[in-house]
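The values are calculated or read from the model by the stated rules, or taken from the named source; none is laboratory data. As the structure is a computational prediction, the values presented were derived from the model and not from experiment. Cβ placement follows ideal geometry from the backbone for every residue including glycine, while neighbour counts extend to all protein chains displayed.
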Amino acid sequence: MDTQNIKKINFGTKSQLAKLIASENITVQHNQVKTASFDTLNRILTLPIFKVQSGDVYDMLIAHECAHALWTPTDGWAKIADDNELRSYVNVLEDCRIDKKIQKKYPGVVRNYLNGFDIMNDQDFFGIKDKDINTDLMLIDKINLYYKSSKRLPFMFAPEDKLWLSKVDNLKSFKDVVDLAKLLLNWQKKQIKKMKKLPGFDNHILVENYKLSDEKSDNNVNSKDVKDSDVQDSKSESSNDTNDGDSKSEQEDTKESDDKTKENDVGASNPDGAGGKGGLKPGLTAITDKTYELAKEKLLDTETRFTYVNLPEPNLDKIMYSNKKWLETWKNYRFERLYGSKDRRIKYLNWLKNDFTKFKNDNKKTVMYLVKEFEMKKSATAYKRATTSKTGIIDPLKLSSYKYNDDIFKKLTILPDAKNHGMIMLLDWSGSMCDVIKQTIDQLLNLIWFCQKINIPYEVYLFTSEVYCNERGDRSQRHDLNGGSWNYKHGDGMFENFNLINVASHKMKKLQLDESLMYLYHLGIEYEDRYARYRGSDYREDRGDEMGSPPEFYLGTTPLNESLVVMNKLVPMFKKKYNIEKLTFITLTDGASNSNYYINSVVNTEEGLQQSKADTGSPVVKIGKKQYSMGKNLYGNVTPLLLKVLKDQHGINTIGFYLAKRIRSWDFDRFVDRKKYKDWSARHDQQQKIKSQFNKEKCAIVNKEGYNKYFLINGKTMKVENADLSAVNDNMKTGKIKSIFSKSMKGRIISRTLLNKFIDEVA
């Protein structure tokens with residue numbers, strides 16, 4: 001079997017196909033199993049993962065496995081588990097029954113069955129390449145190939161064989177299958193007994209093919225020997241195979257399908273394949289079926305594994321750290337928990353207020369530029385979408401042209417209603433941000449003031465691990481499954497305990513907001529100064545005593561993925577409450593999350609909720625009946641997956657800011673689209689283009705899966721630079737004046753490049 005050019009399978013598409021075949025919006029899971037199974041309680045259909053070259057083959061296999069899952073009872077196999085020969089016959093006849101049912105119910109899969117068989121037969125899936133199908137096979141194998149080929153193979157059936165075929169055509173239930181299998185097996189044994197009495201039997205081809213010389217006894221079948229009348233009865237049964245009979249059969253099919261919802265015994269084909277436990281022994285087994293099942297096992301994908309998880313329900317009461325609580329924590333820290341000279345502390349607070357006010361005033365031009373560009377682009381978009389219609393009122397100015405112009409009516413331009421905008425911003429409050437936290441906060445403040453000026457609803461959160469850890473005094477509790485940030489249930493994905501600190505909101509009063517932002521501004525200075533001292537510098541001078549911060553607000557780990565999960569709860573609430581049509585979701589982070597590699601799942605055990613030890617596959621997140629898969633490449637794909645969930649479920653616009661204080665050449669390689677640029681040379685060329693753009697414009701829009709736009713920027717580029725010509729005097733030469741003017745204008749143009757790109761996305 002040639003498996004060199006295996007076709008990549010779109011599991012999402014195949015899941016939709018399985019749902020259609022199952023006739024309901026069930027949950028479809030692909031996993032490393034040999035056969036399909038159906039969980040009737042939770043309505044979950046589990047399918048094997050195949051690696052095939054043909055879409056027809058895969059679709060045929062899906063249809064076949066779905067048919068087994070829908071109509072083959074598990075307990076039926078359990079009753080014949082120890083009977084190799086009977087199990088083989090049942091497997092063949094059951095395939096005939098359920099394949100007929102699925103093709104009758106969905107005629108669209110008939111083509112898949114036809115093409116799929118041809119492809120498999122060409123690759124000798126049935127082991128008949130060197131065999132004469134009319135002389136080298138027993139009846140059970142002829143039946144198997146005859147029906148799998150959709151009755152196209154050139155068999156020459158004896159009249160007695162045709163009676164058995166009519167019985168196969170009339171199979172209605174699994175019980176019918178088992179009964180007929182017993183009859184056929186006993187009949188076949190009777191024929192072998194007759195053949196043994198003939199001269200030259202030992203040299204017969206059937207002896208070699210079926211290892212009949214090794215057969216010790218006619219065991220494994222307890223039913224009575226088949227009678228000739230059993231075969232003859234098929235005549236009358238065959239005569240009843242009319243259109244009315246088909247209608248009756250369809251009713252029975254429906255009833256059987258409905259019964260599966262009431263019983264837990266419907267759910268899988270033979271769990272061990274045609275070979276059962278340990279494979280089939282030599283004897284009167286269907287060798288084509290055994291060969292087919294072994295070949296099909298080779299199609300099973302042993303590399304692709306999935307872990308299906310639901311997003312856990314967030315415990316918002318424990319996750320959300322309100323702006324009120326944020327301000328209270330600072331107040332208690334300043335006046336009760338902070339040690340040192342009161343005078344020096346007051347001196348620093350006064351300096352902080354003045355410096356924060358100066359920063360706010362210095363950035364008014366930046367904010368107003370953002371506002372101006374936003375309003376212009378919003379208006380331009382509205383006029384672009386405007387419609388013009390005739391009013392039915394005659395325009396007097398056009399009346400004179402009525403003889404040669406029909407358009408003499410006044411026109412009305414209708415502008416579409418403006419969309420209600422909103423923003424949610426997440427700031428990474430982790431230790432890896434320490435070196436760029438000041439620049440990041442500065443840009444965040446500009447975004448907040450921008451939202452204020454255009455009067456749109458907004459919320460700003462810090463995502464952090466430190467509040468939770470400080471409250472419990474134990475960092476190991478970040479992974480506690482009970483009583484933390486999540487209300488877990490069996491099958492949920494496992495995430496860390498964390499908090500979202502609401503530091504700014506449109507609902508806050510002006511004085512409260514200013515105070516809150518001042519503390520945020522202080523934290524930027526605090527961390528910048530702290531790392532400046534490590535570099536041998538001191539920026540404090542005579543500001544007063546160092547204020548520091550409450551332990552709850554220390555930089556910690558990076559629960560970005562956890563925050564994205566919670567956003568699935570907060571975003572729809574936010575949109576509904578404020579009637580927001582266009583929500584811009586912004587992350588300001590260095591991009592990496594704690595659980596960026598993998599999502600473990602939670603299972604319910606006798607000891608309570610525990611992390612599953614067997615989950616080693618790519619996460620597939622389930623939202624209702626929809627699924628989102630990471631694919632085979634695990635590393636770094638959880639965050640894009642969760643962002644895709646947010647965009648698909650809530651229709652938001654995702655923007656990412658990566659603020660770099662300094663960046664090395666090889667860092668640009670992280671932002672090259674590896675799916676698009678696969679070889680090293682092409683990837684290196686793209687890396688250099690990003691580097692060139694970043695150096696020229698001090699920013700670059702780079703590839704980052706999950707984001708509509710991802711901005712790689714220098715920490716100071718969002719500040720609008722205005723031409724500063726104060727240094728120019730009468731004594732300067734013309735060349736010097738020209739140089740000062742050129743530099744000031746260049747800085748202004750570069751600084752506004754990013755702002756324009758950002759507003760394009762927002763407006």
Point to revise | Selection within region 52-75 - assigned to a helix (DSSP H, G or I) and surrounded by fewer than 20 Cβ atoms within 10 Å (Cβ to Cβ) | key: Gly55, Thr74, Asp75
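In region 556-582, how many are over 26 Å from Met433 (Cα atoms) and not acidic (Asp, Glu)?
Counting residues in region 556-582 that are over 26 Å from Met433 (Cα atoms) and not acidic (Asp, Glu) gives 11.
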Practice item. Could you please give the count of residues in region 76-115 that are more than 31 Å from the chain's Cα centre (by Cα) and part of a loop (DSSP other than H, G, I, E, B)? Key: 4
Practice item. Mind telling me which of the residues Phe553, Phe585 ends up being crowded, with 21+ Cβ neighbours inside 10 Å, more than 26 Å from Leu712 (Cβ to Cβ) and modelled with pLDDT of 80 or more? Key: Phe553
**Study point:** Members of region 662-677 found to be among the basic types (Lys, Arg) and surrounded by 10 or more Cβ atoms within 10 Å (Cβ to Cβ), listed by number
**Key:** Arg670, Arg674, Lys676
Study note, to complete from the structure: Note on Glu471: of the conditions (1) exposed (fewer than 15 other Cβ atoms within 10 Å of the Cβ); (2) modelled with pLDDT of 90 or more; (3) within 21 Å of Asn323 (Cβ to Cβ); (4) not β-branched (Val, Ile, Thr), unmet is (2)
Exercise for review: Please find, among Leu426, Leu462, the residue that is under 16 Å from Met567 (Cβ atoms), in contact with a helix residue (DSSP H, G or I) (Cβ under 6 Å, 6 or more places away or on another chain) and surrounded by 18 or more Cβ atoms within 10 Å (Cβ to Cβ).
Suggested key: Leu426
Practice item. Could you tell me whether Asp83 is surrounded by fewer than 22 Cβ atoms within 10 Å (Cβ to Cβ), charged (D, E, K, R) and at pLDDT 80 or above? Key: yes
Revision key, fill the gap. Considering region 102-143, residues that are among the acidic types (Asp, Glu) and under 14 Å from Asp56 (Cβ atoms), and then whichever is surrounded by the most Cβ atoms within 10 Å (Cβ to Cβ), we arrive at Asp118
Check your understanding: Looking at region 417-436, is at least one residue modelled with pLDDT of 90 or more and touching a Cys at 6+ places or on another chain (Cβ under 6 Å)?
Key -> yes
Practice item. Find the residue count for region 158-197, including only residues that are of a type in the set (Gly, Ala, Ser) and under 15 Å from Ala286 (Cβ atoms). Key: 1
